[in-house]
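Participant: One structure is given below, represented as structure tokens, and several questions about it will come after.
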Amino acid sequence: MANSRKPPRLAPSSGKATQAKSVAEALHAALPPLYAKQTLAVAFSGGLDSTVLLHAAIALVGAEHCIALHIHHGLSPHADAWLGHCQACAAQLGVRFAARRVTLEMKSGFGLEATARDARYAALNELCQAQSAKLLLLGHHADDQAETVLLQLLRGTGVAGLAAMPVLKKAKKIVQTEPLAPAPSSASNELSYLRPLLSIPRQALQTYAMEYNLRWLEDESNTDLRYTRNALRHTLLPQIGAYFPAYRATLARAAQHAADAQTLLDELAKLDLQRVAAPPNAFALSRSALIMLNTEQTLRAVNLIRYWLRTLGLPAPSNARLENILKQLCTARADATLQLDHAGHRLRVYRDKIWWDRVKLPHHPPCAEGATTPHAALLADASEPSLRWSGPSAWDLPQWHGTLLFTATHNADPAGVPTSLLQLAPLRATPRQGGERMRKAPQGPQRTLKNLFQEAGIPAWLRNTPCIYLGDRLLFVPYLGLNYELAQLIDPTATERVRLEWRASE
């Protein structure tokens, strides 16, 4: 329910305004200069902390540079009223407002709190992208940080967990991990989280809100002691505070020490990653190099795996799980088929390379290497995707979890296809049936796709890709490239050309 007060204003009611000054100074000090002129998104639940943060952000950079983002979980019977309150509050402050409703899908092994948190951040990230905001302000304060440190300690977490919440952090993003075609990432499109109030206790935020006559919501679930954090907040921390009044600052200092230690561990992991990376792909590891590192110093190998998972945006497994993964990687036979699943991804091993691949459910049965279904019958299938090419830059093929890209290139590019050729007939995407042949080099021999995949070291589970036909002639195969059997159809004088590239989706 809302805490009823007068409409908010940007000037404090008292002359001293000590808490207002401390909040403003904290926000100003934490805000990176890079974002000073950009849109600041504020995660706005309507609670005390986010209300104060939104008000302070508007006072610092102006309402025109801010946007309030609200996530409707539907968990509380008051959720609709909260949405209305937040929208009205944003209107009073003259700031833009955007909201999104999410449906929680409970997953095995994840509690309600974790599921709601993941859904909230995913929705906030999408809203930020839609609003072209590269910085998301979160209202976590000193009490939240102290609770997080204690919870992580009681759970027996490692150094990274004890570091708790950083002031500034890049948003989690699953990195494309196909070993043969890693997706490029653009730093300019990355979203960052900023928690400028981590040094401010909740009591100071409440004083600030009262000075400015702000209205905020009280979530009834915050007093439910069935939730671990609430039990810690309402029962244990008051007793700790009685004996250690400065516990917030002390735990924050401990978190900073852990963060410093984690920085050093990450630097060591980066050095080890250079030793065990399997070039040219920076996301794959050399199994033999990892075995050597594990033989020399197991703790460094464990630290490397933990760092590797974090850089890919995957959650860290338990110590027991992590040690089991490392043991299996290092003790399995070189020719063994090894599959380990974690967080919706599968650890793959093939030809001394190790990488994580998103577990995908096929839209159609995998094609057999020796299948003899006539190609003509496939072309007659009305469900086959087809495209009359007229200049698009991409052709999305979700049946195969990927996209065919058409990238403009120069006329001297041997893999460049004249645009005039692509316009001769419709493009067709068909499943492999076995027996297809192509010429992988202009003067090379004609070989079966099966042999070419084997020679190129393409794992069997990546071969279930479409064959791209131009009319009834094979034009392109993902991971193998252009079929130079069509060379006689290519006009050497053509100046407008495109290069075909396959990009696997997550």
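Participant: Just to be sure I understand, how many residues within the range 299-331 are over 25 Å from the mean Cα position of the chain (by Cα), in contact (Cβ under 8 Å) with a residue 24 or more places away in the chain and open to solvent by 30 Å² or more (accessible area, probe 1.4 Å)?
Facilitator: Of the residues in the range 299-331, 1 are over 25 Å from the mean Cα position of the chain (by Cα), in contact (Cβ under 8 Å) with a residue 24 or more places away in the chain and open to solvent by 30 Å² or more (accessible area, probe 1.4 Å).
Participant: How many residues does the range 11-48 hold that are modelled with pLDDT under 85 and touching a strand residue (DSSP E or B) at 6+ places or on another chain (Cβ under 6 Å)?
Facilitator: Residues meeting the conditions: 1.
Participant: Tell me whether the range 420-434 contains one or more residues that are more than 20 Å from Glu485 (Cβ to Cβ), among the aliphatic types (A, V, I, L, M) and either surrounded by 17 or more Cβ atoms within 10 Å (Cβ to Cβ) or touching a residue at least 24 places away in the same chain (Cβ under 8 Å) (or both).
Facilitator: So far as the range 420-434 goes, no, none of its residues is more than 20 Å from Glu485 (Cβ to Cβ), among the aliphatic types (A, V, I, L, M) and either surrounded by 17 or more Cβ atoms within 10 Å (Cβ to Cβ) or touching a residue at least 24 places away in the same chain (Cβ under 8 Å) (or both).
Participant: Conditions first: (1) more than 23 Å from Arg388 (Cβ to Cβ); (2) in contact with a Lys or Arg (Cβ under 9 Å, 6 or more places away or on another chain); (3) open to solvent by less than 10 Å² (accessible area, probe 1.4 Å); (4) outside any helix (DSSP H, G or I). Arg447 passes all but one, so which condition is the exception?
Facilitator: The single condition Arg447 does not satisfy is (3).
Participant: Right, here's the next one. Listed residues Tyr212, Tyr208, Tyr247; which is over 22 Å from His85 (Cβ atoms) and in contact (Cβ under 8 Å) with a residue 12 or more places away in the chain? Spell out how you get there, then give the answer.
Facilitator: Values: Tyr212 fails: over 22 Å from His85 (Cβ atoms); Tyr208 fails: over 22 Å from His85 (Cβ atoms).
Sole residue among the options that is over 22 Å from His85 (Cβ atoms) and in contact (Cβ under 8 Å) with a residue 12 or more places away in the chain: Tyr247.
Participant: Please list, ordered by residue number, the helices (runs of 4 or more DSSP H) wholly in the range 193-279 having 1 or more residues that are within 30 Å of Ala41 (Cα to Cα) and of a type in the set (Ser, Thr, Tyr).
Facilitator: Working: elements: 202-211, 228-231, 237-243, 247-276.
Where helices (runs of 4 or more DSSP H) fall fully within the range 193-279 and carry at least 1 residues being within 30 Å of Ala41 (Cα to Cα) and of a type in the set (Ser, Thr, Tyr), they are 202-211, 228-231, 247-276.
Participant: Looking at Thr331, Thr250, Thr263, which is the one that is of a type in the set (Ser, Thr, Tyr) and more than 23 Å from Ala146 (Cα to Cα)? Steps first, please.
Facilitator: Values: Thr250 fails: more than 23 Å from Ala146 (Cα to Cα); Thr263 fails: more than 23 Å from Ala146 (Cα to Cα).
Matching residue, one of Thr331, Thr250, Thr263: Thr331.
Participant: Let me ask you something else. So Ser286 clears everything in (1) at negative phi; (2) of a type in the set (S, T, N, Q); (3) surrounded by fewer than 15 Cβ atoms within 10 Å (Cβ to Cβ) except one condition, right? Which one?
Facilitator: The number of the failed condition is (3).
Participant: Would a scan of the range 376-390 turn up a residue that is of a type in the set (Lys, Arg), at pLDDT 85 or above and either buried (at least 17 other Cβ atoms within 10 Å of the Cβ) or more than 20 Å from Ser505 (Cα to Cα) (or both)?
Facilitator: Going residue by residue through the range 376-390, those that are of a type in the set (Lys, Arg) are 388.
Still in the running and at pLDDT 85 or above: 388.
Now drop any that are not either buried (at least 17 other Cβ atoms within 10 Å of the Cβ) or more than 20 Å from Ser505 (Cα to Cα) (or both), which leaves 388.
Checked the range 376-390: at least one residue is of a type in the set (Lys, Arg), at pLDDT 85 or above and either buried (at least 17 other Cβ atoms within 10 Å of the Cβ) or more than 20 Å from Ser505 (Cα to Cα) (or both).
Participant: Here's another thing I want to ask about it. Filtering the range 450-497 down to residues that are of a type in the set (Phe, Trp, Tyr) and surrounded by 18 or more Cβ atoms within 10 Å (Cβ to Cβ), which residue is farthest from the chain's Cα centre (by Cα)?
Facilitator: Restricting attention to the range 450-497, the residues satisfying the condition of being of a type in the set (Phe, Trp, Tyr) are 453, 461, 469, 476, 479, 484.
In the following step, the residues that additionally are surrounded by 18 or more Cβ atoms within 10 Å (Cβ to Cβ) were identified as 453, 469, 476, 479, 484.
Values: Phe453: 30, Tyr469: 34, Phe476: 30, Tyr479: 25, Tyr484: 38 Å.
If we take residues in the range 450-497 being of a type in the set (Phe, Trp, Tyr) and surrounded by 18 or more Cβ atoms within 10 Å (Cβ to Cβ), then Tyr484 is farthest from the chain's Cα centre (by Cα).
Participant: While we're here: Return the residues of the range 115-143 that are under 18 Å from Ala231 (Cβ atoms) and in contact (Cβ under 8 Å) with a residue 60 or more places away in the chain; say none if nothing qualifies.
Facilitator: Hit for the range 115-143 is Asp143, nothing else.
Participant: A further question on this structure: Working only within the range 211-243, note down all residues that are of a type in the set (A, V, I, L, M) and surrounded by 11 or more Cβ atoms within 10 Å (Cβ to Cβ). Break it down stepwise before answering.
Facilitator: So in the range 211-243, the residues of a type in the set (A, V, I, L, M) come out as 214, 217, 225, 231-232, 236-237, 240, 242.
The answer is Leu214, Leu217, Leu225, Ala231, Leu232, Leu236, Leu237, Ile240.
Participant: Name every residue in the range 27-56 that is part of a helix (DSSP H, G or I), surrounded by fewer than 20 Cβ atoms within 10 Å (Cβ to Cβ) and among the hydrophobic types (A, V, I, L, M, F, W, C), in order of residue number. Working first, answer last.
Facilitator: Taking the range 27-56 first, the residues part of a helix (DSSP H, G or I) are 27-30, 33-35, 48-56.
Add one more test, that the residue is surrounded by fewer than 20 Cβ atoms within 10 Å (Cβ to Cβ), and what stays is 28-30, 33-35.
Those that are part of a helix (DSSP H, G or I), surrounded by fewer than 20 Cβ atoms within 10 Å (Cβ to Cβ) and among the hydrophobic types (A, V, I, L, M, F, W, C): Ala29, Ala30, Leu34.
Rundown of residues vs (1) of a type in the set (A, V, I, L, M); (2) under 24 Å from Leu347 (Cα atoms), yes/no style:
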site	(1), (2)
Leu452	yes, no
Gly457	no, yes
Ala460	yes, yes
Arg463	no, yes
Ile468	yes, no
Phe476	no, no
Tyr479	no, yes
Asn483	no, no
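Participant: Could we say that Val61 is over 20 Å from Glu218 (Cβ atoms), open to solvent by 20 Å² or more (accessible area, probe 1.4 Å) and within 19 Å of the chain's Cα centre (by Cα) here?
Facilitator: Working: over 20 Å from Glu218 (Cβ atoms): yes; open to solvent by 20 Å² or more (accessible area, probe 1.4 Å): yes; within 19 Å of the chain's Cα centre (by Cα): no.
Against the criterion (over 20 Å from Glu218 (Cβ atoms), open to solvent by 20 Å² or more (accessible area, probe 1.4 Å) and within 19 Å of the chain's Cα centre (by Cα)), Val61 does not qualify.
Participant: Okay, next question. Tell me which of these Val477 doesn't satisfy, since it passes every other one: (1) touching a Gly at 6+ places or on another chain (Cβ under 6 Å); (2) at pLDDT 90 or above.
Facilitator: Every listed condition holds for Val477 apart from (1).
Participant: I'm trying to understand the selection: among the residues of the range 75-128, which are of a type in the set (Phe, Trp, Tyr) and at pLDDT 85 or above?
Facilitator: Step one: filter the range 75-128 for residues of a type in the set (Phe, Trp, Tyr), giving 82, 97, 110, 121.
Scanning the range 75-128 gives Trp82, Phe97, Tyr121.
The values are calculated or read from the model by the stated rules, or taken from the named source; none is laboratory data. The structure displayed is predicted, hence computed values, not measured ones. As a convention, Cβ positions derive from the backbone with ideal geometry for all residues, glycine included, and neighbour counts pool all protein chains shown. Accessible surface is based on the protein model in full, side chains and every heavy atom, while ligands, DNA and RNA are left aside. Shrake-Rupley method; radii C 1.70, N 1.55, O 1.52, S 1.80 Å.
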